[in-house]
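This report concerns only the one structure given below.
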Amino acid sequence: TSSSNLAHYSKETGDLRKRILKRKAEDFKEPPRKMVKTETKQERADSQRGKFKEKYTELHQLGEGGFGSVFAGYRKEDKLPV
């Protein structure tokens, strides 16, 4: 039985080799990707900061902690303190 298993194994690997050799170089190429402009983290932060500055005026620092700082300020639209 071991000789029949060996013959079966060599037939399978032989078939596999034939299939691999039939593949062409273009089978392995990735399709072209569309170029999409993505924002960097810095550009996104600058954009968010710009939107914030349009709406709010930042005053003095009230406190600071492990996750950031807290500032006094007001909303420009209605002068509401924040």
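Could you pull out the residue among 41, 37, 79, 53 that is on the phi > 0 side of the Ramachandran plot and either open to solvent by 100 Å² or more (accessible area, probe 1.4 Å) or free of Cβ contacts under 8 Å to residues at least 24 places away in the same chain (or both)? Please lay out each step first, then the result.
Working: 41 fails: on the phi > 0 side of the Ramachandran plot; 37 fails: on the phi > 0 side of the Ramachandran plot; 53 fails: on the phi > 0 side of the Ramachandran plot.
Just a single option satisfies the conditions, and that option is 79.
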Candidate set: the range 64-75, residues that are out of contact with any strand residue (DSSP E or B) (no Cβ under 6 Å at 6 or more places or on another chain) and either open to solvent by 80 Å² or more (accessible area, probe 1.4 Å) or among the aliphatic types (A, V, I, L, M) (or both); chosen: the one farthest from residue 51 (Cα to Cα): 66
Test: residue in the range 18-30 that is part of a helix (DSSP H, G or I), under 30 Å from residue 80 (Cβ atoms), at pLDDT 70 or above and among the hydrophobic types (A, V, I, L, M, F, W, C): no
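The values are calculated or read from the model by the stated rules, or taken from the named source; none is laboratory data. The model shown is predicted, which means the values in this text are computed figures rather than measured ones. As a convention, Cβ positions derive from the backbone with ideal geometry for all residues, glycine included, and neighbour counts pool all protein chains shown. Ligands, DNA and RNA are stripped out before the accessible areas are found, and what is left, the full protein with its side chains, is counted by its heavy atoms. Shrake-Rupley method; radii C 1.70, N 1.55, O 1.52, S 1.80 Å.
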